[in-house]
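Heads up, the thing below is written out as structure tokens.
The values are calculated or read from the model by the stated rules, or taken from the named source; none is laboratory data. These figures come from a predicted structure and were not determined experimentally. Methodologically, a virtual Cβ is constructed for each residue, glycine included, from the backbone with ideal geometry; neighbour enumeration extends over all protein chains shown.
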Amino acid sequence: MLYLTLVVCFLISILITPLIKRLAFLIGATDRPNQRKVHQSIMPRLGGLAIFISFLVGIFLIKPENQYSLPILLGCLIIIITGFCDDRFELPAKYKLLGQLLAACSVVFLGGLQVVFINLPFGGQLQFGLLSIPFTILWIVGITNAINLIDGLDGLAAGVSSIALITISGIALIQENYFVVTVGLIVLASTLGFLFYNFHPASIFMGDTGALFLGFIISVLSLLGFKNVTFISFVIPVIILGVPISDTLFAIIRRIINKQPLSAPDKSHLHHCMLRMGYSHRQTVLLIYAMAAFFGLVAIIYSQARIGGALVLIGIVVLLIEIIAEKIGLMGKDHRPLLNIVRTLTTVKDRS
């Protein structure tokens, strides 16, 4: 039944995306080119609506039973309405944030999804106490925005989200968490159908309707798979979402260094930097896919590793992220502390 449902979701997404494209032009939900945009012509947004409709069909066919089912659907509906309004009317940031908070609260308060504690590697527990609710909400809103931030090139957010969903579903299958597997694969099939039209050269964008929905559902599924577990296991969703989380963190650092508001837009995200390095649109997207797949593979290895090996692995990954970020200028051309240290040590060695 699941396999048939996935095929249905994939086909529905392919069939209704052209209709959503017409709707976007009809109601004026379009993206106009400007100095920050890569595309050069008016593009229809709202493509995420096709993903959401396909997702709903899949959920209706399978009817996965879980205490979180209805709260998740309510949160998805809130986030879709928020994204739809932004695609059509370009909402102020505070209203978009309000919609994200309401969606997160529906899962946290109605579904009871909270990260209450984490078992530490060498004994003991880190109890969140009163911070469990704000921590969980912060995770959901943070990942939702992280996926939204990388939605800057054709097929980028859809592809990276698909890779994250494959990894989350795979690890959930290993852990026999079949609810997460089912929902994750339904979202995956719906997203891949849309990607048929969204990969470069795209004929439609997913818009905030899609980016916010994917970010929300991925953030919730990652918590459902790894909440109240060991510190080592809790890092797994962070690794899986390494590309959007890294890009968001470096964007925050970059704006702090440049004394800019955290919400200030710029053209120094990962995909912007790679385009400036001379990679084509398609090459940039495929390279970021490869990075996301690397993080996914690391997450799977990490989930099966012992404590010592897991800690070494995460240390290597963090070091690689920092080196790559400095190489391509994610924090700015002049902010390269680690590479400067290496260069200084190399110079001293050569002189001696």
Answer yes or no: is there a residue in segment 23-32 that is assigned to a helix (DSSP H, G or I) and touching a residue at least 40 places away in the same chain (Cβ under 8 Å).
yes
Only one of these conditions is not met by Ser106: (1) part of a helix (DSSP H, G or I); (2) within 19 Å of the chain's Cα centre (by Cα); (3) touching a residue at least 24 places away in the same chain (Cβ under 8 Å). Which number is it?
(2)
Scanning segment 68-80 residue by residue, those in contact with a Gly (Cβ under 7 Å, 6 or more places away or on another chain) and without any contact (Cβ under 8 Å) to a residue 60 or more places away in the chain turn out to be Pro71, Ile78
May I ask you to verify whether Gly123 is assigned to a loop (DSSP other than H, G, I, E, B), modelled with pLDDT under 95 and either touching a strand residue (DSSP E or B) at 6+ places or on another chain (Cβ under 9 Å) or surrounded by fewer than 24 Cβ atoms within 10 Å (Cβ to Cβ) (or both)?
yes
Quick check: anything in segment 143-155 among the hydroxyl-bearing types (Ser, Thr, Tyr), closer than 18 Å to Ile236 by Cα and at pLDDT 90 or above?
yes
Does Phe199 meet the test of being surrounded by fewer than 21 Cβ atoms within 10 Å (Cβ to Cβ), touching a residue at least 12 places away in the same chain (Cβ under 8 Å) and closer than 17 Å to Leu11 by Cα?
yes
Of Phe205, Phe194, which residue is touching a residue at least 12 places away in the same chain (Cβ under 8 Å), closer than 20 Å to Tyr289 by Cα, aromatic (Phe, Trp, Tyr) and assigned to a helix (DSSP H, G or I)?
Phe194
For Ile288, work out the one condition from (1) surrounded by 14 or more Cβ atoms within 10 Å (Cβ to Cβ); (2) over 13 Å from Leu330 (Cβ atoms); (3) under 20 Å from the mean Cα position of the chain (by Cα) it doesn't fulfil.
(2)
